[in-house]
Amino acid sequence: MKNTNFSAEHLKWRKKRKIRLIVVQSLRVGLLLFFLLFWELSTRLGWADPFLVSSPSRIAATIGSLYAEGTLFYHIGVTLLETAIGFLAAVALGYAIALLLWWSDMLRRILEPYIVVLNALPKIAMGPLIIIWCGTGSKAIVFMTILVGIIVVIMHMLSAFLETDANKLLLLRSMGASKLQILTKLVIPSSRAAFISMLKVAVGMSWIGSIMGEYIVSRAGLGYLIVYGGQVFKLDLVMTATVILCALAAGMYFLVVLLEKILVKNTKN
Amino acid sequence: MKEKILKFENVKLIYHTVRGETVATENLSFSVEEGEFVAMIGPSGCGKSTLLSLAAGLLAPSEGSVERRGSVGYMLQRDELFPWRTIEKNIQLPLEIEKKLTPEAKKEARELAEKYGLKDFLGSYPSELSGGMRQRAALIRTLAMRPDILLLDEPFSALDYQTRLNVTQDVAGIIRREKKTALLITHDISEAISLADRVIVLTDRPARVAHTHTLDFEETDPLKRRENRQFSAWFELLWKELNV
């Protein structure tokens with residue numbers, strides 16, 4: 001099938017496409033480098049106060065000193081663990097609840113207004129309650145992470161379950177399929193794309209939850225560093241923690257993208 | 001007389017919505033005998049698909065009775081193959097549902113697919129097949145469950161004209177060769193004439209049987225029927241009966 005004997009026009013088209021790709025990639029990296037350089041220079045040349053805006057070199061130095069103190073990976077580890085546990089729990093619990101709501105039409109109708117209200121409620125308002133219920137440790141932060149993520153998971157998956165193709169449902173019912181068979185053979189596999197897009201949203205939600213949790217109660221973690229840095233006016237620390245957070249959030253997102261690639265490869269949808 | 005596979009007797013069905021109720025069908029009586037190919041035509045919106053749901057036992061009549069002997073195989077407008085399953089897995093789906101996926105049943109299903117030219121596609125996904133091939137795979141899936149009656153809900157209407165003629169030819173041939181009983185619902189008069197042994201004309205809602213015609217063609221081949229002189233006579237008659 002593969003023809004490698006291309007016409008001149010096609011070769012030209014390929015070359016153009018390749019050049020475009022290179023331009024996009026290099027401008028992408030270039031933008032970051034330009035931003036860092038501008039940031040560094042503006043503090044060195046006195047355009048901006050490094051005490052207020054920090055600078056790339058000061059961030060690098062802060063990372064170095066945190067590493068030397070031996071607390072860098074400790075703080076990263078704490079936040080990462082809280083986020084990951086909260087994320088996994090929110091996804092698992094939310095998925096299970098969505099299944100339950102799909103299963104029982106009655107239950108769904110009864111609970112619908114409660115879910116809508118819970119979705120609209122700013123979860124941070126629950127802060128004081130969470131501290132009293134769960135104490136001031138990691139437990140409270142994981143709880144907050146779950147709280148922020150779970151409603152999104154439920155709503156996202158439930159609407160995907162409910163959008164299952166009516167004709168395919170009819171077909172399965174005509175074959176005499178039970179509700180459990182309809183669920184496992186049709187509803188779950190056909191909602192796979194929605195599952196992936198839900199994971200992408202849930203990753204973002206988990207970071208919001210865990211950092212918010214660390215703002216309210218914490219003795220360690222990147223959120224703690226940010227709050228602490230703000231309180232003692234060490235903005236280098238605030239910036240450093242933010243930059244690390246950026247990298248971690250991007251990393252977790254790409255893990256989901258990787259998962260998507262594996263899943264799609266196995267289904268050829 | 002041959003055994004009746006499907007029998008509707010004075011069937012009435014009421015649809016309930018918040019706005020009120022609609023009588024979809026009333027006093028509907030007809031039957032389908034073993035080995036017969038029956039086509040039903042009716043004005044659009046007369047609730048043809050509802051009749052198939054009744055026939056399949058997915059809906060219970062408000063009044064009257066629907067008697068069915070044996071199992072049904074349902075074929076819809078689109079192939080409704082599951083895109084995440086290979087053709088072979090799609091064909092095995094009804095067997096899985098009935099928990100009859102034994103090695104012998106698998107072998108039988110595979111042989112049926114091979115007999116009708118799907119051998120090379122068993123490992124492919126539906127997206128890799130043409131529309132016609134997909135509809136053929138959908139038919140094999142329906143036949144794999146060894147139904148006593150096939151319910152066909154305008155199974156060709158989603159295809160373009162060229163493909164449609166070919167697939168009709170294809171599907172009709174398979175159904176005749178497998179000696180299956182079939183009930184086809186369609187709005188396409190020429191499709192009904194080219195396929196059926198008997199045509200039932202329905203009235204507007206509430207649907208009842210307006211006329212029944214036994215088609216006295218010698219051949220069962222759809223394309224040859226279309227060339228037959230009687231074809232246009234039948235077409236004219238049914239056209240008039242639909243538009244009273």
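The values are calculated or read from the model by the stated rules, or taken from the named source; none is laboratory data. Everything quoted here is computed from the prediction, not taken from an experiment. Positions of Cβ are backbone-derived with ideal geometry, glycine not excepted, and every protein chain shown enters the neighbour counts.
Figures for the structure shown
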item: Of the criteria (1) farther than 22 Å from B:Glu178 by Cβ; (2) charged (D, E, K, R); (3) within 14 Å of chain A (Cβ to nearest Cβ), which one B:Arg68 fails; result: (1)
item: Odd one out for B:Arg177, checked against (1) surrounded by fewer than 18 Cβ atoms within 10 Å (Cβ to Cβ); (2) touching a residue at least 12 places away in the same chain (Cβ under 8 Å); (3) not polar (S, T, N, Q); result: (2)
item: Segments classed as helices (runs of 4 or more DSSP H), wholly inside the range A:121-177, with at least 2 members that are within 14 Å of another protein chain (Cβ to nearest Cβ); result: A:166-174
item: Residues satisfying the stated conditions in the range A:249-269, i.e. in a helix (DSSP H, G or I) and at pLDDT below 85; result: A:Leu263, A:Val264, A:Lys265, A:Asn266, A:Thr267
item: Any hit, the range A:191-208, residues being within 11 Å of another protein chain (Cβ to nearest Cβ) and part of a helix (DSSP H, G or I); result: yes
item: Breaking point among (1) crowded, with 17+ Cβ neighbours inside 10 Å; (2) away from chain A (no Cβ under 14 Å); (3) under 27 Å from B:Leu237 (Cβ atoms), for B:Pro155; result: (2)
item: Within the range B:204-244, considering residues that are β-branched (Val, Ile, Thr) and at pLDDT 85 or above, the one surrounded by the most Cβ atoms within 10 Å (Cβ to Cβ); result: B:Val209
item: Only one of B:Arg78, B:Arg85, B:Arg110, B:Arg136 that is under 19 Å from the mean Cα position of the chain (by Cα) and either away from chain A (no Cβ under 12 Å) or free of Cβ contacts under 8 Å to residues at least 60 places away in the same chain (or both); result: B:Arg136
item: Residues satisfying the stated conditions in the range A:229-256, i.e. surrounded by fewer than 16 Cβ atoms within 10 Å (Cβ to Cβ) and hydroxyl-bearing (Ser, Thr, Tyr); result: A:Tyr253
